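Student: Sharing a structure below in structure tokens format, with a few things to ask.
The values are calculated or read from the model by the stated rules, or taken from the named source; none is laboratory data. Please read these numbers as outputs of a predicted model, since none were measured by experiment. With ideal geometry, Cβ positions are generated from the backbone for all residues, glycine too; neighbour counts draw on all protein chains shown. Just the protein is used for accessible areas: all its heavy atoms, side chains included, with ligands, DNA and RNA removed. Shrake-Rupley method; radii C 1.70, N 1.55, O 1.52, S 1.80 Å.
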Amino acid sequence: MVTEKLDIRLRNPIPIKDSSLHVTKLKKLITTIEEHPDHLLGLSNRHVVSARQFTTESVLQLIRLAANYESFPLFLSRPLAGKILITAFYEPSTRTRLSFESAWQQLGGDIMSITDPATTGMAKGESLEDIAEMFNNYCDVVVLRDTHEDSVYRMINSLIVPIVNAGNGIDEHPTQALADMYAIFRWRPILTRLNLPEEQKIKVGIIGNPSQMRTVRSLLLFFSLFSYMVKEIVIINPDNDIFSEGQREELESSGLYITKTGSITERLRELDVIYINSIAWIGDTYERLTSDLKLSKDSPLKPDSIILHPLARGKELDVSLDKTPHNWYFIQARGALFLRMALLNSLLKTP
Ligand code: CP
């Protein structure tokens, strides 16, 4: 009786009406980016700590590979069979840990997962360097999330297998930002063209704090690799002190034109991509910054604009947007799986 009242149909994985358009765009993305797999060989057997390690070409080739994985799941092979991933998450996560683990398993590998440091020697005061020394014996890749910025660097001192930074305090979250770039390029595959006509360039709004949000920090670094496609980056934040020392200068020296407004509505109508986040890890806990800046279906958005959010969301991103064409945050989260598959496979490829 109860089930008759429920809508028990499975939802389309793409949360907008025309999912065939998405398939077409993914295939367009694959054909627009010329294949140059040698740029992925540069990632082989490397640690992934910062967006600074990537080049325009390595990002494009990762995105092309991710789009292939997403478009043709039936053709997946199992190149990581017999390989082991350790995910060490010393800070909460839904998407990053599970998508890394799903990505590894879809490529045939096996996983060992630590979600509570108190179950490891850390509870007895064991150093990260010593734990990393042990990881060398047990796995082929480590994915680490830690509250402290320096933890990933301390582990690198001992590791002989690659480590991927899955969020280190307020510093960086490079694979999240790669997933953000994947969402943007699949939205408009033409943006991958280096000789982009002026009228195709986009305006990006970032509702957040560039100095204290690791996702924003990494995303801005990736935008600096693709400054040719960005007309303007508008930081939406009422505070004055929102860049870390030298951050704005570094980004502007790459060719990015950055402006700032304190008003959530002032520039929305002009923006093609709006990235919103309110969470930042401050000290020992999460804080919600800029959470009084909110988007809902009633916000004055450009009709064909998209909204990205690394999630988890709070009140800043109203659920009324979920069923609108502006909702690209679920597509962004889904795409992270395929992007991480592309990255993990590239890390273990032998040149
Ligand atoms: N985007 C992101 O880092 O989400 P999680 O905290 O759930 O991993």
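Student: Which members of the stretch 84-112 meet the condition of being without any contact (Cβ under 8 Å) to a residue 40 or more places away in the chain and within 13 Å of the ligand (Cβ to nearest atom)?
Tutor: If the condition is that a residue be without any contact (Cβ under 8 Å) to a residue 40 or more places away in the chain and within 13 Å of the ligand (Cβ to nearest atom), then Pro92, Leu98, Glu101 are the ones that fit.
Student: Here's something else I'd like to know. All but one of (1) of a type outside the set (Gly, Ala, Ser); (2) at pLDDT below 95; (3) in contact with a Ser or Thr (Cβ under 9 Å, 6 or more places away or on another chain); (4) within 23 Å of Thr87 (Cβ to Cβ) hold for Tyr286; state the number of the condition that does not hold.
Tutor: Exception for Tyr286: condition (3).
Student: Which one of Ser71, Ser99 is of a type in the set (Gly, Ala, Ser), touching a Leu at 6+ places or on another chain (Cβ under 6 Å) and at pLDDT below 95?
Tutor: Ser71
Student: Okay, next question. So in the stretch 192-212, with the set limited to residues that are of a type in the set (A, V, I, L, M, F, W, C) and surrounded by fewer than 23 Cβ atoms within 10 Å (Cβ to Cβ), which one is nearest to the ligand (Cβ to nearest atom)? Steps first, answer last, please.
Tutor: As a first pass, look at the stretch 192-212 and keep what is of a type in the set (A, V, I, L, M, F, W, C): 194, 196, 202, 204, 206-207.
Still in the running and surrounded by fewer than 23 Cβ atoms within 10 Å (Cβ to Cβ): 194, 196, 202.
Values: Leu194: 29, Leu196: 28, Ile202: 22 Å.
Top of the filtered list is Ile202.
Student: Would you check which residues across the stretch 260-290 are more than 16 Å from the ligand (Cβ to nearest atom) and either open to solvent by less than 30 Å² (accessible area, probe 1.4 Å) or touching a Leu at 6+ places or on another chain (Cβ under 7 Å) (or both) and list them?
Tutor: Listed by number, the residues that qualify are Thr261, Ile264, Leu268, Leu271, Asp272, Val273, Ile274, Thr290.
Student: Looking only at residues that are over 30 Å from Thr32 (Cβ atoms) and among the polar types (S, T, N, Q) in the stretch 152-169, which one is nearest to the ligand (Cβ to nearest atom)?
Tutor: The selected residue is Asn168.
Student: Given the criteria among the hydrophobic types (A, V, I, L, M, F, W, C), surrounded by fewer than 20 Cβ atoms within 10 Å (Cβ to Cβ) and on the phi < 0 side of the Ramachandran plot, does Leu293 qualify?
Tutor: yes
Student: Turning to a different aspect of this structure: Mind listing whichever residues of the stretch 292-312 are within 16 Å of the ligand (Cβ to nearest atom) and either touching a Gly at 6+ places or on another chain (Cβ under 7 Å) or at pLDDT 95 or above (or both)?
Tutor: Of everything in the stretch 292-312, those that are within 16 Å of the ligand (Cβ to nearest atom) and either touching a Gly at 6+ places or on another chain (Cβ under 7 Å) or at pLDDT 95 or above (or both) turn out to be Ile307, Leu308, His309, Pro310, Leu311.
Student: Return the total of residues in the stretch 187-246 being of a type in the set (Lys, Arg) and part of a helix (DSSP H, G or I).
Tutor: 2
Student: Looking at the structure I just gave you, is Glu172 in contact with a Gly (Cβ under 7 Å, 6 or more places away or on another chain), within 16 Å of the ligand (Cβ to nearest atom) and either at positive phi or outside any helix (DSSP H, G or I) (or both)?
Tutor: Criteria not met by Glu172.
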